[in-house]
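See below for the structure under consideration.
The values are calculated or read from the model by the stated rules, or taken from the named source; none is laboratory data. From a predicted model like this one, the values you see are computed outputs, not experimental measurements. Cβ placement follows ideal geometry from the backbone for every residue including glycine, while neighbour counts extend to all protein chains displayed. Note: accessible area is taken over every heavy atom of the protein model, side chains too, but ligands, DNA and RNA are not part of it. Shrake-Rupley method; radii C 1.70, N 1.55, O 1.52, S 1.80 Å.
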Amino acid sequence: MADIDPELKRPLRVLVAGPRGFCAGVDRAIRIVELALEKWGAPVYVRHEIVHNRFVVDSLRAKGAVFVEELDEVPEDVPVIFSAHGVAKSVPKAAEARKMVYVDATCPLVSKVHRQAERLIEQGRHIIFVGHAGHPEVIGTFGQVPEGAMTLVETIEDAESAVFADTSRLAFLTQTTLSVDDTHAIVDALRRRFPEIQAPRGEDICYATSNRQDAVKAIAGDCDVVFVIGAPNSSNSLRLREVAERCGARAYLVQRAAELDWAWLDGANTVGISAGASAPEVLVQELLEALGKRCVLSVEQISTAVEDVAFKLPRVLSE
Ligand code: SF4
């Protein structure tokens, strides 16, 4: 897009939420693919999008990563990486049966939920899992326990109506990327109905999800419009858009600046920007640049937390 005459540009206040963008789990997963390419050379196969972001996936594809949905699409003698969202136990088992070289890029915070699920089953409990049907993290977590040992609850209505044979041995766990507020409401409903239900040791919703939602809450009330950079299949990005909307802003999920519809800015004096945990900072800068071509920006960084989380890489790639 060509720059417009500076005289014709209108002023626009921009509040940029922090923390935003990449979390430690996404950072680690991308690094795993890059290191695998360095170690073994291309192609390296990746089961499912390593993280839900087209820009990231396309960049890794350009370096030699091949993305597939199922393990049986991976040829013999080629390394394969499992995505950050986690996989059912059957997936590494199948890889081992085929003697494949594989690296599991599951975020350690998702793995922690998997281990909790295993422990609860050992204790003879039935697990209520709060999450979104069809999301790879949910599929992976259900794949940690025997069939029928876990029930999915997506809404308060589900929590109010679910029926269990034995209500004395229930426990709940949650997906890591949910809306903090919606999840509290669902958990409250579960606790009301099943006072003995066992809760997870800490929060299952991860630090990155909570921090990004808090940061959006801090800016959205002052914004006419909020842009969240993220993919339509990125759970945590979708939640950020909802949070902004609930604070009264018009909120849009965009993957790239090119998707920006200028009509969205009609009547807007203050715009907020955030980015989901799988969206790189370069896309935030791209959006700011695009806005700057039509408006005179006054940009304010609003930070609500400092993050210093980093996860270790798998030993096979760090040595
Ligand atoms: S959003 Fe949270 S659970 Fe998901 S990869 Fe990032 S840190 Fe891990």
Next item on the list: Kindly provide the set of residues from the stretch 20-34 that are touching a residue at least 40 places away in the same chain (Cβ under 8 Å) and either open to solvent by 20 Å² or more (accessible area, probe 1.4 Å) or within 6 Å of the ligand (Cβ to nearest atom) (or both), ordered by number.
Entry: Arg20, Phe22, Cys23, Ala24, Gly25, Val26, Asp27, Arg28, Arg31
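Residues checked against (1) closer than 11 Å to Val228 by Cα; (2) in contact with a Ser or Thr (Cβ under 8 Å, 6 or more places away or on another chain); (3) surrounded by 14 or more Cβ atoms within 10 Å (Cβ to Cβ):
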| residue | (1), (2), (3) |
| --- | --- |
| Leu253 | yes, yes, yes |
| Trp262 | no, no, no |
| Ile273 | yes, no, yes |
| Val282 | no, no, no |
| Leu287 | yes, no, yes |
| Leu291 | no, no, yes |
| Val296 | no, no, no |
| Thr304 | no, no, yes |
Item checked: Enumeration of residues in the stretch 81-95 that are under 17 Å from Gln144 (Cα atoms) and either among the polar types (S, T, N, Q) or in contact with a strand residue (DSSP E or B) (Cβ under 8 Å, 6 or more places away or on another chain) (or both) -> Phe82, Ser83, Val87, Ser90, Val91, Pro92, Ala95
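Which one of Ala88, Ala117, Ala133 is outside the structural domain of Glu70 (by TED's automatic domain parsing) and either under 18 Å from Ser234 (Cβ atoms) or more than 16 Å from the ligand (Cβ to nearest atom) (or both)?
Ala133
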Next item on the list: Check off (1) outside any helix (DSSP H, G or I); (2) under 23 Å from Tyr207 (Cβ atoms); (3) of a type outside the set (Lys, Arg) for Gly148 and give me the number that stays unchecked.
Entry: (2)
Item checked: Conditions (1) closer than 26 Å to Val113 by Cα; (2) without any contact (Cβ under 8 Å) to a residue 40 or more places away in the chain; (3) assigned to a strand (DSSP E or B): number failed by Val66 -> (1)
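Have a look at Val216, Val187 and point out the one that is touching a helix residue (DSSP H, G or I) at 6+ places or on another chain (Cβ under 7 Å) and either loosely packed, with under 15 Cβ neighbours inside 10 Å or in a helix (DSSP H, G or I) (or both). Please lay out each step first, then the result.
On the way: Val187 fails: touching a helix residue (DSSP H, G or I) at 6+ places or on another chain (Cβ under 7 Å).
Val216 is the lone residue from the list that is touching a helix residue (DSSP H, G or I) at 6+ places or on another chain (Cβ under 7 Å) and either loosely packed, with under 15 Cβ neighbours inside 10 Å or in a helix (DSSP H, G or I) (or both).
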Notebook entry, point to check: What are the residue pairs meeting all of these: first residue in the stretch 219-244, first residue in a loop (DSSP other than H, G, I, E, B), second residue among the basic types (Lys, Arg), Cβ atoms under 9 Å, and 6 or more apart or on different chains?
Noted result: Asp222/Arg13; Cys223/Arg13; Cys223/Arg250; Asp224/Arg250; Gly230/Arg241; Ala231/Arg54
Check: How many residues are within 16 Å of Val163 (Cα to Cα) and in contact with an Asp or Glu (Cβ under 9 Å, 6 or more places away or on another chain) if we restrict to the stretch 193-211?
Finding: 1
Next item on the list: Name every residue in the stretch 86-122 that is open to solvent by 30 Å² or more (accessible area, probe 1.4 Å), assigned to a loop (DSSP other than H, G, I, E, B) and of a type in the set (A, V, I, L, M, F, W, C), in order of residue number.
Entry: Val101
Check: For the subset of the stretch 228-241 comprising residues that are of a type outside the set (A, V, I, L, M, F, W, C) and surrounded by 18 or more Cβ atoms within 10 Å (Cβ to Cβ), which member is farthest from His135 (Cα to Cα)?
Finding: Arg241
Notebook entry, point to check: Does the stretch 219-227 contain at least one residue that is surrounded by fewer than 18 Cβ atoms within 10 Å (Cβ to Cβ), more than 15 Å from the chain's Cα centre (by Cα) and in the same structural domain as Ile121 (by TED's automatic domain parsing)?
Noted result: no
